[in-house]
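The values are calculated or read from the model by the stated rules, or taken from the named source; none is laboratory data. Nothing here was measured: the structure is a model prediction, and the numbers come from that model. Positions of Cβ are backbone-derived with ideal geometry, glycine not excepted, and every protein chain shown enters the neighbour counts. Just the protein is used for accessible areas: all its heavy atoms, side chains included, with ligands, DNA and RNA removed. Shrake-Rupley method; radii C 1.70, N 1.55, O 1.52, S 1.80 Å.
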Amino acid sequence: MTNALDSTPDEDVPEFPMPRAAGCPFAPPPEMMRLHAERPVARVRLWDGSTPWLVARHADQRALYGDQRLSVDPTRPGFPHMSAAFQEALSKNPPSFLHMDDPDHARIRRMVTGPFIIKRIETMRPAVQKMTDDFLDTMLAGPKPADLVRALALPLPSLVICELLGVPYEDHAFFQDKSAVGVRRDASPEESRAASGALMTYLDEQIAAKLTDPADDLLSDLAARTRTGDLTRHEAAMLGLLLLGAGHETTANMIALGVLALLEHPGQLAAVRDTDDPKVLAGAVEEMLRYLTIVHNGQRRLALEDIEVGGQLIRAGDGVIIPGATGNWDHDVFPDPQRLDITRDARRHMAFGFGVHQCLGQPLARLELQVVYRTLFRRVPTLRRAAALEEIPFKDDGVVYGVYELPVTW
């Protein structure tokens, strides 16, 4: 087989990431969807001039997620980095387990799987409900309009992950600020290095404190594993950093962007607000995850061997990008994908990835979203935007999509 796009003129290779259409904040970039329709396995050009493959269709994406011939190791030559800052951070520092191939990935992942088992996460529902109500009490007692990001979307998942890890919540401003730098595509290598260094120092100090004064939390468990030699101090701190950052940043964006999407779809909002069926609510969250797919930069991989996908040969050493947004808007799997429909069976979405590297914290994210969406609209049935849609600042510069602010009133 010949590589059909090897001879494609340079000007025919689109730049990635791609801009969204003006006035259409929830849809994947139109150029990405054009590739989905016309060239589902296509070259795209990154910031450094490299041209990895973008694989756009749902079936091809799922096949690649389970293919052990693809590596997540960012230190390998040819890996498709998101920016110079990401390249430096991922190439020079010891990797987190997210950037390890099996068997190392499986070894470390097993050590943190227990706290995220669905049955254990479900026991947290009353606590998450109380936290949500407390934050809403404060918002409703305060001035109008309010910024839903600061009032609820960001503090709730921050408090939840602090409780789970055993990190002092009073430090939330520090780790929120540093984590925000880490997910900015436009952050300089110096900014990224300073932010990640500060966070690693902080988590190492937390691990040290748990060694002398353990508690019933995840960081104490990680600290104990450094005593037995299962983890190094650096690996323990890196795991803590990963869980702390991912545990609040992604869910916070999903809460705020999901609220905005429901406000723009009042019929769907009413169905979420009025249901007493947990299955309906759970299904609504799955559809929101499909519809929004907040990680729009795509999962990154490197081909270790020649791989044929979608009728195209990807050669060993080629980079691969798997954008979940196009897979989740694939009309062959989700008919009329541009329509938000909470009655849709959206369980095959890939908002959390797929395969061995899928998101560890997805049960916790689902629980938080179920509690927030239902509670917010039941307690504040007149909630509405307090700014025009075009005035809301969207995170087009971030690895994780969302809004910086969401002014609301009631």
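Please label the shape of the stretch 113-178 as rounded, prolate or oblate, based on the square roots a ≥ b ≥ c of the eigenvalues of the alpha-carbon gyration tensor (a/c under 1.5 means rounded; beyond that, a/b larger than b/c means prolate, else oblate). In terms of gyration-tensor shape, oblate. Overall size of the stretch 88-245 from C-alpha positions, given as principal axis extents largest first: 50, 40, 30 Å. Annotation: amide H of LEU54 within the under-5 Å range of ALA42, ARG43, VAL44, ILE321, sequence separation 5 or more or interchain, hydrogens built in the peptide plane. The stretch between ASP345 and GLU305 holds 10.9 nm of extra length on full extension. This uses 0.36 nm per residue minus the Cα-Cα distance.
Taking the 1.4 Å solvent-accessible surface of the stretch 253-410 as the whole, the part contributed by carbon and sulfur is 50%.
Which percent of the Cα-Cα distances in the stretch 66-175 go past 17 Å?
Tail fraction, whole percent: 70.
With +1 assigned to the C-beta of every Lys and Arg and -1 to the C-beta of every Asp and Glu, and no other charges, what is the dipole magnitude of the chain about the Cα centre in debye, to the nearest 20?
Roughly 780 debye, rounded to the nearest 20.
The stretch 40-96: percent of C-alpha pairs farther apart than 20 Å?
Within the stretch 40-96, distances greater than 20 Å cover 34 percent of Cα pairs.
Computed from backbone phi with θ = phi - 60° and the Karplus coefficients 6.51, -1.76 and 1.60, the 3J(HN,Hα) list for the stretch 340-353 is 6, 9, 6, 8, 5, 7, 9, 5, 8, 5, 10, 5, 9, x Hz; x is used for glycine and proline. Looking at the square roots a ≥ b ≥ c of the eigenvalues of the Cα gyration tensor of the stretch 8-150, which shape do they give, rounded for a/c under 1.5, prolate if a/b is larger than b/c, or oblate? In terms of gyration-tensor shape, oblate.
Only Cα pairs under 8 Å and 6+ residues apart enter the sum, and on that basis the relative contact order of the chain stands at 25 percent. Long hydrophobic helices in the chain, taken as whole DSSP H segments with a C-alpha length of 20 Å or more on their own axis and mean Kyte-Doolittle hydropathy at least 1.0: 233-263. Within the stretch 244-360, the proportion of Cα pairs with more than 20 Å between them is 50 percent. Computed from point charges on the beta carbon alone (+1 for Lys and Arg, -1 for Asp and Glu), the dipole magnitude for the stretch 275-335 about its Cα centre is near 240 Debye.
Between PRO52, PRO77, PRO95, which gets the highest mean-square fluctuation from a Gaussian network model of the chain, Cα cutoff 10 Å? Looking only at PRO52, PRO77, PRO95, the biggest GNM fluctuation is shown by PRO77.
Computing FRET efficiency as 1/(1 + (r/R0)^6) for ALA270 and ASP216, where r is the C-beta to C-beta distance and R0 is 51 Å, gives about 0.80. Between SER50 and ALA84, the modelled label-to-label distance comes to 1.6 nm, taking each label 7 Å out from Cα in the direction of the beta carbon. Computed over protein heavy atoms with a 1.4 Å probe, the accessible surface of the stretch 76-125 works out to 54 Å² per residue.
Charge tally around GLU122: other residues with Cβ under 13 Å, Lys/Arg +1 each, Asp/Glu -1 each, net +3. Please report how far the C-alpha centroid of the stretch 367-410 lies from that of the stretch 293-345, rounded to the nearest whole angstrom. When both Cα centres are located, 27 Å separates them. Heavy-atom accessible area for VAL371, with the other protein chains in place and a 1.4 Å probe, reaches approximately 10 Å². When a 1.4 Å probe is rolled over the protein heavy atoms, the share of accessible surface on the stretch 8-47 that falls to carbon and sulfur comes to 57 percent. Heavy-atom accessible surface of the stretch 309-373, averaged per residue, reaches 35 Å², computed with a 1.4 Å probe. For the stretch 390-398, the Karplus equation 6.51 cos²θ - 1.76 cosθ + 1.60, evaluated at θ = phi - 60°, returns couplings of 6, 8, 7, x, 8, 8, 6, 9, x Hz by residue, with Gly and Pro reported as x.
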